[in-house]
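Participant: Pasting a structure below so you can have a look.
The values are calculated or read from the model by the stated rules, or taken from the named source; none is laboratory data. If you're wondering where the values come from, they're calculated on a predicted model, not measured in any experiment. Neighbour counts run over all protein chains shown; Cβ positions are idealised from the backbone, glycine included. Side chains are part of the model used for accessible areas, which takes the heavy atoms of the whole protein and leaves out ligands, DNA and RNA. Shrake-Rupley method; radii C 1.70, N 1.55, O 1.52, S 1.80 Å.
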Amino acid sequence: MSMKTSDVIFKQRIKDQMQDSFMRKSVANAQERMFTNRQLAADKLGNWDEWRENGKQIREHVLDNLDYYLHQLSENVQKAGGHVFFAETSEQATDYIENIIQEKNAKKVVKSKSMVTEEIGLNAVIQRNNCEVIETDLGEYILQVDDCDPPSHIVVPALHKNREQIRGVFEDKIGYKGSSDPEEMTRFVREHIRHDFIEADIGITGCNFAVAESGSISLVTNEGNARLATSLPKVHIAVMGMERIVPTFEELDIMVSLLCRSAVGLPLTGYVTAITGPRESNDMDGAEEFHLVILDNGRSDILASEFKDILRCIRCAACVNTCPAYRHIGGQSYGSIYSGPIGAVLSPLLGGYDDFQDLPYACSLCQACNDVCPVKIPLSDLLLKHREKMVIKKITPLAERMTVSAFNYLNSSPKLWNVAMKVGGKVAPKVIKDGKLPINVGAVAEWTEARDLPQPDGESFRSWFANRDAADAGKELAAVTGIVNPKPNLYSNTDKVEK
Amino acid sequence: MMKVNFFVTCLCDVVKSNVAKKTVLLLEQLGCEVLFPKEQGCCGQPSLNSGYIESSKPAMKSLIRAFEGNDYPIVTPAGSCAAAVKKYPEYLADEPEWAARAQAVSDRLFELTQFIVNELNIVNVGAKLPGRGVYHPSCSLIRKLGVREEPLKLLGNVEGLELVGIKNQETCCGFGGTFSIKMAEISGEMVKEKAANITAVTPDYLIGADVSCLMNIAGRLSREGKTVKVLHIVDVLMSNVVDDLSQSTITSNDSLTVEVN
């Protein structure tokens, strides 16, 4: 799987997804649970806004000095005995990993959850080398055994499936006979894939944050699978987006505090692991060989663009968990491994407008995402920037461009606008009857699909006010004669004029 | 007497003109003299929120010019339009002179409840409206303008009005301007959920400070044949001068209108 997960057109995708009431229910429930937990955890920590500001500044500092920290990180990984590879493109990254697979004649790879390896379509590359790849994160595992169903959430990839559906998948694909009890299913999968950990030649992980001062990579997980994947196989390959660095462990502490609370509403996840290079002679366990693949894949371009802020992202999905559009269409509607507000910003940047031009419009600009982002990314502003970009590139529909031009022409001329408002005030109440126009096409048809049109009040405000103005002479007279502030008649302007 | 400029906004000018009229009357009752600079147009949201920043600039400048005739505060009964104008300095950043002019206008611009509570220092306008009301805190008010407490303070002092909370109260109603047309499917689902959460507490009124959101939710309530009366906050604050609003037979379809006697 690469970043793009569907060839169906956007509108059809959301239509299909919205018919899935199971999905919608589980997304809504999960959203509410995660939103509430996040809020509780943030409140319990206290001074949440200051923490966010701190997180933002750390991320900004790293981005502003990325060359320095990349160099420092790379030096320290090598000092610790690891290999570092800078991949400009996703092909370079997969080529490098493919070489290792071939060199080691690897037959089995275990992976822990990693968005960036999905972004580069790593699994397909591994498999074309007659090498088996097993996703060991439970959510990813469910999707993998379900014929590689695309993820619908960056933290909880199988969010769109309920336990009964998961039980069905396990029964069909891996011979599970038990109930839909999550603990029972988890126990089954643990036993089912234990031998894979033992047999695997290579373990592949992502990297939540790399610590530049020590050359360590950190992994924030809940299942312990990443620890097995990095300690049992002889080779460990970590893949990271080039922006995912913190200067020292002190900043790691802050970022992990923000990440765990924002992602799952907990002070900490089950496992927070830091790995520095391959195992040393006196180490009990760990890989004998460690590779760090640092991926650019368009990130340098983003860094130099007006979208730079998006690189602060720590993939917590707080924005996804609060997005009302995501709530109704679900993650797979986005057609990208990155869904929700972060996906709508990131996917067009990494994958281009050809495939992802609809995503920036799947947003009411409500800004709920901005408010929950632990590193204060102005997500809705960036979505608006995408729209602006597409206007400049003339990707937007011709009819829309013409309508907007006409609107702006009218709106920039006070005289024309004045006439338009007055005429509009007269005409609107005559044509809108019972919440409908005589002919409901185009924009009106879209609007009236779910709701009625408003019943206009009649006469435009500006006509009413102008008539009041005409009565001003009388008002002044009243002031002079000492009759102050005559009670205005709310609804009738005619008697006002008569005064 | 404090002089204020009124920024009517296009929806209040043409569609919900009673909201605009009542806003003027309320401000007058509260001791303001209301001026209406006639040269004003629309804030430009349909164009700006679709990304047509460059071609919106003449209209933005026209609106700025319209309010430069004096230095009095500018008041508007629509949060999203206020929020849009407050972004002008950012949109016009490439033209420092215009950015500064935009900033000056933006600094004088207040959403209605913000103006009444923070500038006039009034929290009780002497309104009376018996019944249960749900207040919809629009995205523009709470997240873009940071106006969270002001409407509640005003509503809290309305005699007889009981405010009831709803599930996911601060979630967007799904309007989003052109979003409601461009992504009508998603917008429709959002407003359906909002309407369901509102009707679940069986209120007499739905009250908000953004005409556009109210139009959206009212349109859905009307489609469902629900009898919740949809009121702009100014309808509520002016309800002292209307005889027995609660008894009038207003369907949600035309509930922004108060019956003319």
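Participant: Suppose we filter A:Thr117, A:Thr94 for residues that are among the β-branched types (Val, Ile, Thr), out of contact with any strand residue (DSSP E or B) (no Cβ under 8 Å at 6 or more places or on another chain) and closer than 24 Å to A:Ser218 by Cα; which single one remains? Before the answer, list the steps.
Facilitator: Details: A:Thr117 fails: out of contact with any strand residue (DSSP E or B) (no Cβ under 8 Å at 6 or more places or on another chain).
The conditions single out A:Thr94.
Participant: Are any residues in segment A:76-106 assigned to a helix (DSSP H, G or I) and open to solvent by less than 50 Å² (accessible area, probe 1.4 Å), and if so, which ones?
Facilitator: Applying the first criterion (assigned to a helix (DSSP H, G or I)) to segment A:76-106 yields A:76-79, A:90-104.
Answer for segment A:76-106, where residues must be assigned to a helix (DSSP H, G or I) and open to solvent by less than 50 Å² (accessible area, probe 1.4 Å): A:Asn76, A:Val77, A:Ser90, A:Ala93, A:Thr94, A:Tyr96, A:Ile97, A:Glu98, A:Ile100, A:Ile101.
Participant: Among helices (runs of 4 or more DSSP H) lying entirely in segment A:131-232, which contain 1 or more residues that are closer than 24 Å to A:Ala263 by Cα, open to solvent by 30 Å² or more (accessible area, probe 1.4 Å) and hydroxyl-bearing (Ser, Thr, Tyr)?
Facilitator: Filter on segment A:131-232 gives A:182-199.
Participant: Specify the residue that is nearest to the other protein chains (Cβ to nearest Cβ); the eligible residues are those in segment B:173-202 that are open to solvent by 10 Å² or more (accessible area, probe 1.4 Å) and part of a loop (DSSP other than H, G, I, E, B).
Facilitator: The selected residue is B:Gly176.
Participant: Shifting gears a bit: Every residue in segment B:145-172 that is more than 30 Å from A:Phe407 (Cα to Cα), part of a helix (DSSP H, G or I) and hydrophobic (A, V, I, L, M, F, W, C), please.
Facilitator: B:Leu152, B:Leu154, B:Leu155
Participant: Same structure again: Quick check: is even one residue across segment B:110-118 out of contact with any Leu (no Cβ under 8 Å at 6 or more places or on another chain) and open to solvent by 20 Å² or more (accessible area, probe 1.4 Å)?
Facilitator: Yes - at least one qualifying residue is present in segment B:110-118.
Participant: If you scan segment A:354-371, which residues turn out to be more than 12 Å from every other protein chain (Cβ to nearest Cβ) and either of a type in the set (Gly, Ala, Ser) or open to solvent by 10 Å² or more (accessible area, probe 1.4 Å) (or both)? Write out each step before concluding.
Facilitator: Step one: filter segment A:354-371 for residues more than 12 Å from every other protein chain (Cβ to nearest Cβ), giving A:354-356.
Selection gives A:Asp354, A:Asp355.
Participant: What helices (runs of 4 or more DSSP H) lie completely within segment B:66-111 and have 2 or more residues being free of Cβ contacts under 8 Å to residues at least 24 places away in the same chain?
Facilitator: Details: elements: B:79-85, B:88-91, B:96-108.
Passing ranges, in order: B:88-91, B:96-108.
Participant: Against the definition (touching a residue at least 12 places away in the same chain (Cβ under 8 Å), closer than 14 Å to B:Ala20 by Cβ and open to solvent by 60 Å² or more (accessible area, probe 1.4 Å)), how does A:Lys422 come out, yes or no?
Facilitator: Values: touching a residue at least 12 places away in the same chain (Cβ under 8 Å): yes; closer than 14 Å to B:Ala20 by Cβ: yes; open to solvent by 60 Å² or more (accessible area, probe 1.4 Å): yes.
It is true that A:Lys422 is touching a residue at least 12 places away in the same chain (Cβ under 8 Å), closer than 14 Å to B:Ala20 by Cβ and open to solvent by 60 Å² or more (accessible area, probe 1.4 Å).
Participant: Here's another thing I want to ask about it. With within 9 Å of another protein chain (Cβ to nearest Cβ), more than 18 Å from B:Ala20 (Cβ to Cβ) and of a type in the set (A, V, I, L, M) as the only criterion, which of A:Leu398, A:Leu410, A:Leu437 stands out? Give the derivation first.
Facilitator: Values: A:Leu398 fails: within 9 Å of another protein chain (Cβ to nearest Cβ); A:Leu437 fails: within 9 Å of another protein chain (Cβ to nearest Cβ).
Testing whether each residue is within 9 Å of another protein chain (Cβ to nearest Cβ), more than 18 Å from B:Ala20 (Cβ to Cβ) and of a type in the set (A, V, I, L, M) leaves just A:Leu410.
Participant: Here's another thing I want to ask about it. Here are some conditions: (1) open to solvent by 40 Å² or more (accessible area, probe 1.4 Å); (2) more than 10 Å from every other protein chain (Cβ to nearest Cβ). B:Leu26 meets all but one. Which one does it not meet?
Facilitator: Of (1) open to solvent by 40 Å² or more (accessible area, probe 1.4 Å); (2) more than 10 Å from every other protein chain (Cβ to nearest Cβ), only one is false for B:Leu26: (1).
Participant: Additional query: Please enumerate the residues belonging to segment B:1-21 that are open to solvent by less than 20 Å² (accessible area, probe 1.4 Å), more than 7 Å from chain A (Cβ to nearest Cβ) and not polar (S, T, N, Q).
Facilitator: Within segment B:1-21, B:Val4, B:Phe6, B:Phe7, B:Val19 qualify.
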